[in-house]
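Structure record follows, encoded as structure tokens.
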Amino acid sequence: MNTLTLLKKRIAVLLISFIMTLGALAEDHDHGHIYEGASAYYLAEHGDFEIGYEDGELEMHIHLHAGTIVDGNVLEEDTSFAPEQLVVVATETAEILRPDGSDWQPTGVDVNETLWVLPQHEKEGLPALGFSTHDIDTGLFVEDQIQLRLRALQGPGDFSLWEDNALGQPIFYISSYAGQTSAVFPIGLHAHHNWGFSAPGDYILVFEATADLVTGGSAEALSIYRFKVTDVPLRLQPLPGDVNGDGHVDEHDLHIVEDNLGETAPTWPANSNLAMEQTHH
Amino acid sequence: MVPKQISLVFLLAWCPALWAQGHCARVFTDVTFRFAIETPVPDGPNAPMALDLYHTDLDLSFRPSGWEVVVSRDGVVTGATGLDLLPVDALLVGNPASRWVLSSIPPTFDFIGARPGEPFWILPQNAGTGALPLGVAAERADRGRLCAWNPGDPRGADTEDLWFEMRLLQVRGPADANFAMWQTAGGSAPVVFVSTHEGGISADDVFYLSAGSHVHMNWGFTQLGFYEIDFRIATVLHCEEWLTADWVPLGGPFYNGDCQVDFRDFAHLAAQWLNIPAIDDPHDPEDNQALLLLVDQWLECGYPGCH
């Protein structure tokens, strides 16, 4: 067998391998990897809050694309998370000053006060959070639409969801400050919005998705979404000895240890509030 | 000559020790996108397809066969197959819903080049406005083939990543027309990527997109009519060690090194083989014909010029 024939055979083997690899990848395209951990921090790059419809039920999950930063690491492949598994982080990079104009009142902050925004365009160092009903077939729901309703909010401030038009004017869909708690989205949508928070801290948002079936009846789903809004760098792992969580191990931590030396069971502050309701500083 | 060339082919195919080390090379292609802004769309068998209303992306990727830049429109209904068109076959439409008229232009949007009281058109960043929502995507890019690099652009591209560069080369459109690309930014000032109103076409008229990403932006036009807009799409490709025919370490100037095994490489190989000046321009019809003949000879009887 001459050299040219051997070369042609080798090229054929490579082509066959390439085609088989393409087939294997296609099988995993729809959902990618399923996250099996307890909790993770979503720090940057593109992800989508997705609503799907499977086996007669609405379902909600978060889809992060390969390249997304989770827990400080780059995701190697697309990964789906149950909403409660993920904490979406808005660091100080998300800080803006609320613009002038009454259009911006639903953000819940005053003019030139700090507002934390995960923006509708990609911004380095922040999650680029989309919203998608892309995988739901048309013709199943009345008017091909889904209603998304904010059922509960626990956190130190207000939450708002809006889009900017081409000239930067906000179009609000949800605003806890303005009492605007529901919005309608079309089936087949994949869009990015601005996610606004009026104060730093931990937020829990409970969203309900509902849709009326053309065949009668309705479908619904309820999910918890977690956000961490921080004005200091996020520490992904606890610092041993940092009792007060300020990023330093110093005499303040030592005082806390001294004050609690000998205690054997945690005590709960008398004024704690565990109810799923909005709180403000 | 024949034994030497057979040895060359043998080494290329079977001797990994002599293959080039992997390296990164910048590759680019020029592409023209066509827009029809509130203008009757041409008809006829060779007319481009008008794209309006439905989510559409300019999709950038580099495949094993080379650049693949297409205009990709989603299926009209969910679950329906989308549509990929070569840019020459696609006409992106600005319908009346994309028209704006403002009594005064906000100062932060002066870059559009719009005039108070006069219409201008925007294909918007957000969907649901009744106008064509046009994005740019690099979701099909094979990340494993790309090299990380840092464009150093403060508009969101100043870190190491697998970047695609989309640089404005030329705008051909109605007289006195301006073209702009920008994103609105959640309460912050708009991020402007392209503005022909500000200083004409300059080195600042560029947009970067990382592999795997998909973004939408606003596309502004200040006159109705047809536009042809030329972009240079570039990325940095990792040349695999096995891509031997893009690197020949056996002397002579036929290292091409652009990560593509194509006629340019064969042109050098054939010239060395036949001891003739390099056939340098595969895009020249005569050179191209000569190369095709040499390839035919090589496959038929083992070496170029064999009959």
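Points to keep in mind about this one:
- Cα-based shape type of region A:118-192, given that a ≥ b ≥ c are square roots of the gyration tensor eigenvalues and the cut on a/c is 1.5: oblate
- Restricting region B:148-200 to GluC sites (Glu not before Pro) in coil, as DSSP defines it, with at most 11 other Cβ within 10 Å: B:E160
- Neighbour net charge for A:V214 - beta-carbon separation under 14 angstrom, K R +1, D E -1: -4
- Under 5 Å from the amide H of A:I187 lie the amide H atoms of A:Q145, A:I146, each residue being 5 or more positions distant or on a separate chain, with H modelled from the backbone and absent for Pro and chain starts.
- Converting phi to 3J(HN,Hα) with the Karplus coefficients 6.51, -1.76 and 1.60 and the offset θ = phi - 60°, region B:165-172 yields 10, 10, 10, 6, 9, 7, 10, 10 Hz in sequence order, with x at every glycine or proline.
- Descending principal axes extents, region A:50-209, alpha-carbon based, whole Å: 47, 39, 32
- Heavy-atom accessible area per residue - region A:155-219, 1.4 Å, Å²: 31 Å²
- When a 1.4 Å probe is rolled over the protein heavy atoms, the share of accessible surface on region A:30-183 that falls to carbon and sulfur comes to 41 percent.
- Occluded residues from region B:166-203, i.e. those whose accessible area drops by 40 Å² or more once the chain is not alone (1.4 Å probe): B:T184, B:G186, B:G187
- Segment A:H255-A:S39, extension gain: residue separation times 0.36 nm, minus the distance between their alpha carbons: 74.6 nm
- Under a model in which nothing but the beta-carbon of Lys, Arg (+1) and Asp, Glu (-1) is charged, region A:110-249 shows a dipole of about 260 debye around its Cα centre.
- Buried area at the A-B interface (accessible, heavy atoms, 1.4 Å probe, summed, Å²): 3000 Å²
- Shielded residues, region B:110-136 - accessible-area loss of 30 Å² or more between chain alone and all protein chains, probe 1.4 Å: B:Q125, B:N126, B:A127
The values are calculated or read from the model by the stated rules, or taken from the named source; none is laboratory data. These figures come from a predicted structure and were not determined experimentally. Counting neighbours? That spans all protein chains shown, and the Cβs are built from the backbone with ideal geometry, glycine included. All accessible areas refer to the heavy atoms of the entire protein, side chains included, with ligands and DNA or RNA removed. Shrake-Rupley method; radii C 1.70, N 1.55, O 1.52, S 1.80 Å.
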